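Asks: Once you've had a glance at the structure underneath, I'll fire off some questions.
The values are calculated or read from the model by the stated rules, or taken from the named source; none is laboratory data. From a predicted model like this one, the values you see are computed outputs, not experimental measurements. So basically every Cβ, Gly included, is an ideal-geometry build from the backbone, and we count neighbours across all protein chains shown.
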Amino acid sequence: MQTLSELTDIAIEVTNLTKTFGKGEQKVEAVKGISLTVKKGEIFGFLGPNGAGKTTSLRMIVGLLLPDEGKVTIFGMDPKDGKNSKTLKKLLGIIPQEISLYEELTVEENLWFMANAYRIQKESAANRINNLITKMGLDSKRKSLVKNLSGGLKRRVNVIMGLVHDPVLVLCDEPTPGLDPQSRVVVWEFIQNLPKEGKTVILTTHFMEEADRLSDRVAIIDHGEILVLNTPKKLKASIGEGDLLEFDLADDSEEHLQKMADLLKGFTTSKGLTVEDAYISEGRMVMRALNVIPNLAQILNRIEEHGAVVDNMAIRNTTLEDVFINLTGRALRN
Amino acid sequence: MLILDIAIRFLKELFRLKISLVVLLAMPAFMGFMFAFAFGSAGLDEAETYTIGIINNDEGIGDGLAAYLRSDPILLNNLPFNETTLDKGFAADFIDILNTTIYQTDEEKSEKRIFSVLEYDDQEIGQQAVEERQIDALVVFPENYSNTTLSAFNNAFFFQNSIYIHNLSYLPYWSYNGPPFPINENSEILIIGDEGYSRYQIAKIILDKIFSIFNEQIKALNYAGGNLGFSLAPITLEEYSIFDIIFPGILVFAVLMQAGMMAAFLVAEFAETKTIARVRLSLIKPYEYIAGVTIYAFVISFIQLSILMVLAIVALGFNPAGNVIEAMIVLMLTIVFTTALGFLLAGVFKSSDTAGQSAGFLMTPLAFMSGAFMEAPTITILPKVFPTASGLNRDFVLWDILPSTHAVNALRSILLYEFSILDVWADVLFVIIPSLVLLFFSMIFYTKRRFRGDIPN
């Protein structure tokens with residue numbers, strides 16, 4: 001097996017990856033020729049709504065799905081080449097979307113089964129298992145049957161199950177859905193620290209906050225295609241400068257909201273306000289502009305003069321959700 | 001060892017899942033009681049007359065001994081046979097009994113004979129008649145049958161009186177001066193037939209019982225003079241229920257049903273817990289996984305079959321004539337077939353419920369086709385080629401392609417007719433070889449479907 005230092009700087013290279021499910025009228029093009037490169041030591045995020053093709057792409061990368069077309073190389077090795085199989089299995093660790101654990105085994109027994117499955121020496125397996133259990137805050141639960149754990153604790157076990165063999169490439173498929181805030185923070189910190197151990201991480205998520213917080217680079221994917229790929233900061237900057245101001249209007253008809261949005265587009269003031277964009281999102285009117293706070297009164301005046309009654313208002317920074325909306329015209333959860 | 005780790009993991013999961021454990025323990029008990037309830041009170045058909053062929057090779061009582069007994073009326077009158085027996089031998093006596101035995105119940109004596117007897121001079125012709133089902137069974141008396149009978153009688157006398165008959169000399173008015181009575185002479189009456197044929201099965205049970213009574217009576221000293229006075233009166237066929245005959249089939253049915261449980265566990269790993277993805281991405285090789293699952297299936301089946309066997313013997317009145325351990329070996333070999341079916345089902349179905357239900361749906365007709373409960377219709381493929389336990393060549397029929405058919409035959413021969421596992425070598429081979437071939441292909445199929453193909457989200 002290659003040592004870490006011998007591995008290429010490119011962890012994963014994907015070229016024209018394509019996958020179709022079903023036939024005839026049932027045919028669904030889940031992934032449409034995506035290409036990307038993941039660098040060694042980075043956290044690479046796949047952000048997109050449910051059904052965008054994130055998990056399908058990930059499963060093709062690890063070999064759980066066979067691509068119709070395209071090529072994957074992992075640290076320069078072709079997974080289709082049988083002689084790379086053993087090496088790649090040792091290099092790869094997967095944290096699946098669904099909780100896939102042996103419910104009738106204890107936390108420790110689950111981890112030991114995986115350690116044996118990777119033929120890890122007993123002593124190093126014991127160290128690794130203890131280390132992972134501690135990092136995930138599961139010390140008091142190590143002898144508990146998995147079926148008796150809460151959803152959040154199961155999710156934590158699910159995360160470390162794929163890491164018992166100390167892989168250098170970790171693929172996290174939606175690691176935090178349904179998690180309580182405390183568990184989410186634990187898992188996030190755990191994932192964030194993986195690159196410090198020399199690991200490369202691919203993360204799929206439909207939580208923009210998760211992608212934003214954890215990823216060094218993010219590919220936004222929708223309908224099986226990568227729409228954009230860059231660092232979160234650059235992606236957010238790409239849709240324009242400034243803050244976002246969201247309005248809940250008493251008349252939330254689309255016609256009225258659009259009328260107000262049109263009214264604000266290009267609106268400028270002497271205090272340096274320039275409304276870069278205004279649009280409707282999920283029953284709200286949203287505008288983006290520089291210098292929003294000093295100009296709040298004038299903005300409110302402008303729309304109230306034209307018959308709008310503001311029920312609620314909020315100012316926030318640009319998020320990857322806004323990037324997605326900007327790209328697709330709809331919110332991630334839609 | 002990884003294979004054992006996999007087997008142990010499956011076993012731990014099963015034993016910790018209370019509902020599975022209950023099913024595991026209760027299923028054989030339920031099955032045993034259900035079949036015993038359904039068939040236990042059903043007696044064998046008393047209206048049937050079974051046609052049996054006889055080959056009488058008995059050379060009778062030696063001339064010297066016969067002449068001496070004729071000359072000693074005191075002794076002869078105290079023996080359970082008469083001059084006719086001295087002339088013709090014990091086999092002829094027994095044939096007369098078979099010819100005249102009629103069905104009897106507690107209430108009344110019927111006129112229906114149990115057996116219609118045909119005597120043959122040539123064993124080959126007799127066997128041919130069995131193979132062509134002109135007769136239901138062929139009974140072959142050995143050359144030393146009379147001597148064996150006398151030996152049994154002499155031994156019984158010694159057991160009671162600490163002296164052999166030919167050593168009696170202490171009576172003031174009588175002492176034995178003839179040639180020695182045989183001692184420790186052994187022989188075996190052959191009952192030849194097709195163990196898979198229901199008429200043979202019933203005829204054999206009745207014959208065995210009659211032989212047993214005859215042997216007991218011949219040993220007794222209190223039948224002074226005359227014929228043995230043999231009667232089937234204390235026995236009615238109600239003592240033998242269909243349950244006894246189908247119990248080997250029930251065992252095979254229980255083995256077949258294992259396929260469903262195994263498939264359900266495998267499919268759950270693929271479709272419900274999705275842990276097969278972890279297995280597949282690890283260094284576990286498909287053959288290691290399959291071997292681990294197979295060990296698991298063997299352990300579970302062994303437990304269930306042991307429960308069923310013990311229950312049947314202890315509580316349900318099943319009295320195995322043959323070696324139970326050899327029967328268990330045949331059953332364990334049959335599990336290879338079940339395992340193969342389990343992998344096939346697990347490779348096809350994507351929900352454990354569907355796999356379990358489908359297995360139940362498929363295994364019941366399979367059990368019927370195998371003749372587990374009743375004789376399956378005869379559809380001959382090759383006439384008179386398949387060796388039976390008693391050395392006949394029976395037709396190779398359509399259902400013989402199923403290892404479970406041979407498992408039923410082998411178990412019947414061992415458990416009901418006291419054959420050894422070596423006697424049923426042909427059936428054993430037809431259990432294990434097709435099962436291994438099927439297991440090989442089912443492993444390839446399962447590997448292709450679950451270790452090589454897509455694992456959907």
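Asks: At pLDDT 95 or above and buried (at least 19 other Cβ atoms within 10 Å of the Cβ), is that true of A:Asn158?
Replies: Numbers: at pLDDT 95 or above: no; buried (at least 19 other Cβ atoms within 10 Å of the Cβ): yes.
In short, no.
Table: residues versus (1) within 21 Å of A:Glu255 (Cα to Cα); (2) modelled with pLDDT of 90 or more.
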{"position": "A:Arg288", "(1), (2)": "yes, no"}
{"position": "A:Val292", "(1), (2)": "no, no"}
{"position": "A:Ile299", "(1), (2)": "yes, yes"}
{"position": "A:Val310", "(1), (2)": "yes, yes"}
{"position": "A:Arg316", "(1), (2)": "no, no"}
{"position": "A:Leu320", "(1), (2)": "no, no"}
{"position": "A:Val323", "(1), (2)": "no, no"}
{"position": "A:Arg330", "(1), (2)": "yes, no"}
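Asks: Name, by its number, the condition in (1) modelled with pLDDT of 80 or more; (2) surrounded by fewer than 18 Cβ atoms within 10 Å (Cβ to Cβ); (3) within 14 Å of chain A (Cβ to nearest Cβ) that does not hold for B:Leu24.
Replies: Every condition holds for B:Leu24 apart from (1).
Asks: Inside the range B:169-204, can you point out the residues that are closer than 16 Å to B:Val140 by Cα, surrounded by fewer than 20 Cβ atoms within 10 Å (Cβ to Cβ) and out of contact with any helix residue (DSSP H, G or I) (no Cβ under 7 Å at 6 or more places or on another chain)?
Replies: Those that are closer than 16 Å to B:Val140 by Cα, surrounded by fewer than 20 Cβ atoms within 10 Å (Cβ to Cβ) and out of contact with any helix residue (DSSP H, G or I) (no Cβ under 7 Å at 6 or more places or on another chain): B:Glu188, B:Leu190.
Asks: Within the range B:341-349, does at least one residue satisfy the condition of being modelled with pLDDT of 90 or more and either touching a Pro at 6+ places or on another chain (Cβ under 9 Å) or within 21 Å of B:Ile250 (Cβ to Cβ) (or both)?
Replies: Yes: one or more hits.
Asks: Sort out which residues of the range B:297-354 are of a type in the set (Phe, Trp, Tyr) and closer than 21 Å to B:Ser413 by Cβ, and write them in order of number. Talk me through it step by step, then tell me what you get.
Replies: Step one: filter the range B:297-354 for residues of a type in the set (Phe, Trp, Tyr), giving B:298, B:302, B:318, B:337, B:343, B:349.
Residues satisfying the conditions are B:Phe318, B:Phe337.
Asks: Just wondering, is there one or more residues in the range A:129-149 that are closer than 24 Å to A:Gly45 by Cβ and touching a residue at least 60 places away in the same chain (Cβ under 8 Å)?
Replies: Among the residues of the range A:129-149, not one is closer than 24 Å to A:Gly45 by Cβ and touching a residue at least 60 places away in the same chain (Cβ under 8 Å), which makes the answer no.
Asks: Follow-up. Of the residues that sit in the range A:24-45 and are within 14 Å of chain B (Cβ to nearest Cβ) and modelled with pLDDT of 90 or more, which one is farthest from A:Ile10 (Cα to Cα)?
Replies: Per the criteria, the residue is A:Ala30.
Asks: Please return the ranges of strands (runs of 3 or more DSSP E) entirely within the range B:90-190 where 1 or more residues are within 25 Å of B:Lys209 (Cα to Cα) and modelled with pLDDT of 85 or more.
Replies: Details: elements: B:102-104, B:109-113, B:115-120, B:137-141.
Result: B:115-120, B:137-141.
Asks: If you don't mind, there's one more thing I want to ask. Which members of the range B:401-449 meet the condition of being among the charged types (D, E, K, R) and surrounded by fewer than 24 Cβ atoms within 10 Å (Cβ to Cβ)?
Replies: Selection gives B:Glu418, B:Asp423, B:Lys448, B:Arg449.
Asks: For the structure I just gave you, tell me whether B:Ser442 is among the polar types (S, T, N, Q) and modelled with pLDDT of 90 or more. I'd like the intermediate steps shown before the answer.
Replies: Values: among the polar types (S, T, N, Q): yes; modelled with pLDDT of 90 or more: yes.
Considered against the rule, which asks whether it is among the polar types (S, T, N, Q) and modelled with pLDDT of 90 or more, B:Ser442 comes out as yes.
Asks: Of a type in the set (Val, Ile, Thr), assigned by TED's automatic domain parsing to the domain that holds B:Ile329 and within 29 Å of B:Phe39 (Cβ to Cβ), is that true of B:Ile381?
Replies: It is false that B:Ile381 is of a type in the set (Val, Ile, Thr), assigned by TED's automatic domain parsing to the domain that holds B:Ile329 and within 29 Å of B:Phe39 (Cβ to Cβ).
Asks: Test each condition in (1) free of Cβ contacts under 8 Å to residues at least 24 places away in the same chain; (2) at positive phi; (3) not small (Gly, Ala, Ser) for A:His223 and report the one that comes out false.
Replies: With respect to (1) free of Cβ contacts under 8 Å to residues at least 24 places away in the same chain; (2) at positive phi; (3) not small (Gly, Ala, Ser), A:His223 is out only on (1).
Asks: If you scan the range A:44-62, which residues turn out to be in a loop (DSSP other than H, G, I, E, B) and crowded, with 22+ Cβ neighbours inside 10 Å? Talk me through it step by step, then tell me what you get.
Replies: Just the residues of the range A:44-62 that are in a loop (DSSP other than H, G, I, E, B), to begin with: A:48-53.
Those that are in a loop (DSSP other than H, G, I, E, B) and crowded, with 22+ Cβ neighbours inside 10 Å: A:Gly48, A:Ala52, A:Gly53.
Asks: If you take the residues of the range B:349-374 that are within 23 Å of the chain's Cα centre (by Cα) and loosely packed, with under 14 Cβ neighbours inside 10 Å, which of them is nearest to B:Glu269 (Cα to Cα)?
Replies: Top of the filtered list is B:Pro365.
So that you can scan it fast, the table gives a plain yes or no per residue for (1) of a type in the set (Gly, Ala, Ser); (2) surrounded by fewer than 23 Cβ atoms within 10 Å (Cβ to Cβ); (3) within 14 Å of chain A (Cβ to nearest Cβ):
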{"position": "B:Gln258", "(1), (2), (3)": "no, no, no"}
{"position": "B:Lys274", "(1), (2), (3)": "no, yes, yes"}
{"position": "B:Leu281", "(1), (2), (3)": "no, no, yes"}
{"position": "B:Glu288", "(1), (2), (3)": "no, yes, yes"}
{"position": "B:Phe302", "(1), (2), (3)": "no, yes, no"}
{"position": "B:Leu305", "(1), (2), (3)": "no, yes, no"}
{"position": "B:Leu345", "(1), (2), (3)": "no, no, no"}
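Asks: Still on this structure, please answer the following. Output the residues belonging to the range A:159-199 that are part of a loop (DSSP other than H, G, I, E, B) and away from chain B (no Cβ under 14 Å).
Replies: A:Val168, A:Pro175, A:Thr176, A:Gly178, A:Leu179, A:Asp180, A:Gly198, A:Lys199, listed by residue number.
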